[in-house]
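Right, one structure below, let's go through it.
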Amino acid sequence: MVEITSPSFESAAHREFRQEVRQWLAKNLPTGWGTAAFQPPRTEDGEHAFLLDWKRRLYAGGWAGLSWPKEYGGRGATLMEQAIFFEENVRVSAPADIGTAGTGYVGPMIIDEGSEEQKKRYLKPILTGEEIWCQGFSEPNAGSDLASLRTRAVRDGDRFVVNGQKVWTSGARRSQLMILLARTDTEVPKHKGISGFIVSMDSPGLDVRSISQINGASEFCEVFFDNVSVPAENVVGRINQGWQIAQSTLSHERFTLTRAFEVQFLLKNLVQSACQPYPGRTDRPIDDPSVRLQLADLYCEAHAARCAYYQSINRHKVTGTLGYDMQMGKLHTSELTKRISDTAISILGTAGVMGEVAPRLGGEVAWYYQFVNTFRNTIAGGTSQVLRNVLGDRVLELPR
Amino acid sequence: MSVDLTTEQQLLKDAVRDVVREVMPIEAVMRQAEQPLTIDDDALWLKMSELGLPGVLAPETVGGAGLGLVDVSPLLEEIGSALVPAGFAVTAVISASLLLRCAGERAGSLLGALASGKQRIALAAGNAVTARRTERGYVLEGSVPLVAEGRVADTILLQAELAGAPAVFVVGKSDLGLVIEPVLTMDPTRRFDRVILTNLNLGEQALLAADLAAGAALQNVKEAAMLATACDSLGIASAALTLAVEYAKVREQFGSKIGSFQGIKHLLADTLVATRNAQAAVRYAAMAWDANAEDRHEAILAARVLAGRVGVQSSANCIQVHGGIGFTKDLPAHLYLRRAKMNEVSEGSVRESLQAIGDRLEQLHVS
């Protein structure tokens, strides 16, 4: 039977798991986390060190690779348990998992498609946090149309020589390894001539440059390949089967892209902000009935996002597939994060436009930061427009 | 086959769908909609009674099936999709829910009659009627403007104010002083009536519940009614989306099927997502209701808002996608729209529900 889980009526097993996660988080988060009492690191290096330490704690606590099969060092958690873990982390705004690319989709992809040697070599360091991964997929001329990618890998004896450029590579500066998609055959239809490679970010000829993002961060990078040498055994799967690697990676990634919990968290913060007096006044935004109506609207949408997400997971239990549920969720929740942040600025008066330029780890995030930041959500991981095409074509089966 | 339903729920849903298609298909609905004051669903009610559907919520001790709202909500969706009259919703769900919450033999025997399909029972709620004690019982006075299924009800459950507190009375259709007048509304697929009470005398046994017990029961039933309306709207949303998609797949203009144009495709994709979201919220609300969960009230309000809106959105888009013919009575599209829009403003409207959520937000999120 398919059920939607809720803390009000979930099974005893799930309730216990939820408690276990909550308790571990409460015990392992720094004192004062989420309040003004917590002193965040003041530099980017300091933040990185903090996040690496958090990653090690996750590993020591048995939470790294939650979704991975036990034989590969994971916990073999069900999708529902993964969702509960995710929800509890968002609830307390826990630090990001710096190794999320590895544990979330590179690792699962290597488990699905990699050789035994690759599994032995690369899986454990993903879990421990010793090796951080990035994804070299998009290019300046291949974003939504990923199959048009042009970065070229040419065979030369026992290695491949790679030339080209990747863009939007998240966290490239702090990564040791990249999963790269490159073209290995120019004579066949475009998505049949792509291969997946494991590339060391240390490789000579590989150059990383930060992109200046509108939210003030520079986590996205351009990566340039100038005759970069990649050993032949670093091909993942078979030559020219890279599109399969891409699909496998992207479908694992999709599961982590939902913002169903994030919208609940944002809404809660917005309500709390709305209960504060306007700067220099005694009245509050929430005292205004029209503001309450707007917030109620967002509440309903955020609630629906959560119900739909848990329903998808339950469907998966019955059918073994998520279908296009994750795409629907991504489309809905990414747009919703923008609406919530936009509403925040609109209703909070000047309170929404003040605050720190960049968010401090564990501290309060200025609404104007959120507002600008959310513009990424409807672009990365499948633009809203492309997703609508996908849903129209594959779910509604409309003519192409 | 929906993966979200148990086998039993799917069987029930299919049974309702089959009965409706056989006895009151869309062509019959469209024909009757031309004469809404004389809508006739006796044949449908008879078939549903044969299947035991009137008694779905009633306990097995009185011949019912003892099911929950989560089992019944797919049936209500099916009825919304088919645009058939609301006999099932009113008698089997709303009135049954109220009777379940009234103690005493009278309520029990009414439930039994309801479960058998022999009695159609409507509910006239609201603050329009006052009751006064008399030597032999009570006298009632007032006029309830909009009562669903009033004219076909054998019995009407009536909310009245008695000595400053809510009370629930039972009124028979032949009672002296009771007048039922059909009312024309925006929605020609369902029956609505004005129920007028003029010096209506009732005996002691006509009082089913009073004071706190009545207040609590009526509040509960209001929620059940909101959920039933949400299910009706959800059914409409799904049917309207299906109709629009089917058309978009065959209609050609400019050498292409119109479903290939992004303007149409994206409109329908957005409706799909909104329908899915509302459906998940309605399912959650039904489960919360059955489990008497602590977030039951907000869950029902949210489901009411989401389903109420998507019913209108989907039927509006359906007309738009059909172009010129969407504006004709050759299609049921306008009926989807009318019924969905009426659902938006019926008891516990979308607007009021949003207001109620808005008023609770501080309490819910600031601890």
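List the helices (runs of 4 or more DSSP H) inside the stretch A:284-400, counting only whole elements, that have at least 2 residues being under 24 Å from B:ILE357 (Cα atoms) and of a type in the set (Ser, Thr, Tyr).
Filter on the stretch A:284-400 gives A:289-319, A:325-348.
Could you look through the stretch B:327-352, keep only residues that are modelled with pLDDT under 95 and of a type in the set (Gly, Ala, Ser), and pick out the one that is nearest to the chain's Cα centre (by Cα)?
B:SER346
Answer yes or no: is there a residue in the stretch A:27-39 that is touching a helix residue (DSSP H, G or I) at 6+ places or on another chain (Cβ under 8 Å), surrounded by fewer than 16 Cβ atoms within 10 Å (Cβ to Cβ) and either modelled with pLDDT under 90 or outside any helix (DSSP H, G or I) (or both).
So in the stretch A:27-39, the residues touching a helix residue (DSSP H, G or I) at 6+ places or on another chain (Cβ under 8 Å) come out as A:28.
Keeping just the survivors that are surrounded by fewer than 16 Cβ atoms within 10 Å (Cβ to Cβ) gives A:28.
Restricting the remaining residues to those that are either modelled with pLDDT under 90 or outside any helix (DSSP H, G or I) (or both) gives none.
No, the stretch A:27-39 contains no residue that is touching a helix residue (DSSP H, G or I) at 6+ places or on another chain (Cβ under 8 Å), surrounded by fewer than 16 Cβ atoms within 10 Å (Cβ to Cβ) and either modelled with pLDDT under 90 or outside any helix (DSSP H, G or I) (or both).
List, please: which pairs have Cβ atoms under 7 Å, are six or more places apart or on different chains, and start with a residue in the stretch B:243-265 that is within 10 Å of chain A (Cβ to nearest Cβ) and end with one that is part of a loop (DSSP other than H, G, I, E, B) and among the basic types (Lys, Arg)?
Hits for this filter: B:LYS257/B:ARG251; B:ILE258/B:ARG251; B:SER260/A:ARG400.
Which pairs have Cβ atoms under 6 Å, sit 6 or more apart or on different chains, and link a residue in the stretch B:1-23 that is more than 15 Å from B:ILE79 (Cα to Cα) to one that is modelled with pLDDT of 85 or more and among the hydroxyl-bearing types (Ser, Thr, Tyr)?
Listed by first residue and then by second, the contacts come to B:VAL3/A:THR319.
Filter the stretch A:383-400 down to the residues that are at the interface with another protein chain (Cβ under 7 Å from one of its Cβ atoms), within 12 Å of B:GLY259 (Cβ to Cβ) and not aliphatic (A, V, I, L, M) and list them by number.
A:ASN389, A:GLY392, A:PRO399, A:ARG400
Which of the residues that make up the stretch B:87-106 are in contact with a strand residue (DSSP E or B) (Cβ under 6 Å, 6 or more places away or on another chain) and at pLDDT 95 or above?
The answer is B:VAL90, B:THR91, B:ILE94, B:SER95, B:LEU98.
In the list B:GLU8, B:GLU27, B:GLU22, which residue meets the criterion of being within 14 Å of chain A (Cβ to nearest Cβ), outside any loop (DSSP other than H, G, I, E, B) and surrounded by fewer than 20 Cβ atoms within 10 Å (Cβ to Cβ)?
B:GLU8
May I ask you to verify whether B:ARG31 is farther than 30 Å from A:SER312 by Cα, of a type in the set (D, E, K, R) and in contact with a strand residue (DSSP E or B) (Cβ under 8 Å, 6 or more places away or on another chain)?
So B:ARG31 does not fit the description; no.
Which numbered condition in (1) touching a residue at least 12 places away in the same chain (Cβ under 8 Å); (2) more than 13 Å from chain A (Cβ to nearest Cβ); (3) closer than 30 Å to B:LEU100 by Cα; (4) of a type in the set (Val, Ile, Thr) is the only one that B:VAL282 fails?
Single failed check for B:VAL282: (2).
Does the stretch A:259-278 include one or more residues that are away from chain B (no Cβ under 14 Å) and either surrounded by 23 or more Cβ atoms within 10 Å (Cβ to Cβ) or over 23 Å from A:TYR105 (Cα atoms) (or both)?
yes
Residue by residue, here is whether (1) closer than 16 Å to B:ILE236 by Cβ; (2) more than 13 Å from chain A (Cβ to nearest Cβ); (3) crowded, with 20+ Cβ neighbours inside 10 Å holds:
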residue: B:ARG276; (1), (2), (3): yes, no, yes
residue: B:ALA286; (1), (2), (3): no, no, yes
residue: B:GLU294; (1), (2), (3): no, no, no
residue: B:ALA333; (1), (2), (3): yes, yes, yes
residue: B:ARG360; (1), (2), (3): no, no, no
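Looking at the stretch B:51-69, which of its residues are touching a residue at least 24 places away in the same chain (Cβ under 8 Å) and assigned to a helix (DSSP H, G or I)?
B:LEU53, B:PRO54, B:GLY55, B:VAL62, B:LEU69, listed by residue number.
So A:VAL208 fits all but one of (1) under 21 Å from A:HIS48 (Cα atoms); (2) at pLDDT below 95; what number is the exception?
Single failed check for A:VAL208: (2).
Does B:LEU46 meet the test of being at pLDDT below 95 and out of contact with any strand residue (DSSP E or B) (no Cβ under 8 Å at 6 or more places or on another chain)?
no
Could you grab me the full set of residues in the stretch A:175-203 that are over 16 Å from A:GLN244 (Cα atoms) and surrounded by fewer than 24 Cβ atoms within 10 Å (Cβ to Cβ)?
Correct list: A:GLN176, A:LEU177, A:THR186, A:GLU187, A:SER200, A:MET201, A:ASP202, A:SER203.
Just to be sure before I move on: is A:VAL199 in contact with a Lys or Arg (Cβ under 6 Å, 6 or more places away or on another chain) and either farther than 25 Å from A:ILE126 by Cα or assigned to a strand (DSSP E or B) (or both) in the structure I sent?
It is false that A:VAL199 is in contact with a Lys or Arg (Cβ under 6 Å, 6 or more places away or on another chain) and either farther than 25 Å from A:ILE126 by Cα or assigned to a strand (DSSP E or B) (or both).
Return a yes/no flag: does the stretch B:126-133 have any residue that is without any contact (Cβ under 8 Å) to a residue 24 or more places away in the chain and either buried (at least 24 other Cβ atoms within 10 Å of the Cβ) or farther than 27 Å from B:VAL29 by Cβ (or both).
Within the stretch B:126-133, the subset without any contact (Cβ under 8 Å) to a residue 24 or more places away in the chain is B:128.
Next, only the ones that are either buried (at least 24 other Cβ atoms within 10 Å of the Cβ) or farther than 27 Å from B:VAL29 by Cβ (or both) stay: B:128.
Within the stretch B:126-133, one or more residues are without any contact (Cβ under 8 Å) to a residue 24 or more places away in the chain and either buried (at least 24 other Cβ atoms within 10 Å of the Cβ) or farther than 27 Å from B:VAL29 by Cβ (or both).
Taking the stretch B:160-198 as the region of interest, how many residues are outside any strand (DSSP E or B), hydrophobic (A, V, I, L, M, F, W, C) and under 25 Å from B:PRO36 (Cα atoms)? Don't jump to the end; show me each part of the working.
Taking the stretch B:160-198 and keeping what is outside any strand (DSSP E or B), we get B:163-164, B:173-177, B:183-191.
Next, only the ones that are hydrophobic (A, V, I, L, M, F, W, C) stay: B:163, B:176, B:183-184, B:186.
From what's left, under 25 Å from B:PRO36 (Cα atoms): B:183-184, B:186.
The qualifying residues number 3.
Could you list, in sequence order, the residues of the stretch A:251-265 that are part of a helix (DSSP H, G or I), in contact with a helix residue (DSSP H, G or I) (Cβ under 7 Å, 6 or more places away or on another chain) and not β-branched (Val, Ile, Thr)?
A:HIS252, A:GLU253, A:ARG254, A:PHE255, A:ALA260, A:PHE261, A:GLU262, A:GLN264, A:PHE265
Enumerate the pairs (first residue in the stretch A:135-159 and within 27 Å of A:THR103 (Cα to Cα); second residue anywhere and hydrophobic (A, V, I, L, M, F, W, C) and assigned to a loop (DSSP other than H, G, I, E, B)) with beta-carbon separation below 7 Å, excluding pairs fewer than 6 apart on the same chain, so at least 6 apart or on different chains.
A:GLU139/A:LEU149; A:ALA142/A:LEU149; A:LEU146/A:PHE137
Considering only residues of the stretch A:286-338 that are of a type in the set (Ser, Thr, Tyr) and touching a residue at least 12 places away in the same chain (Cβ under 8 Å), which is farthest from the other protein chains (Cβ to nearest Cβ)?
Once the filter is applied, the top-ranked residue is A:THR337.
Can you tell me which residue within the stretch B:184-236, out of those that are of a type in the set (Ser, Thr, Tyr) and in contact with an Asp or Glu (Cβ under 9 Å, 6 or more places away or on another chain), is surrounded by the fewest Cβ atoms within 10 Å (Cβ to Cβ)?
B:THR198
Do you know which of the residues in the stretch B:30-50 that are assigned to a helix (DSSP H, G or I) and among the polar types (S, T, N, Q) is farthest from B:GLU78 (Cα to Cα)?
Looking at residues that are assigned to a helix (DSSP H, G or I) and among the polar types (S, T, N, Q), I get B:THR38.
The values are calculated or read from the model by the stated rules, or taken from the named source; none is laboratory data. Since this is a predicted model, take the numbers as computed values, not measurements. Positions of Cβ are backbone-derived with ideal geometry, glycine not excepted, and every protein chain shown enters the neighbour counts.
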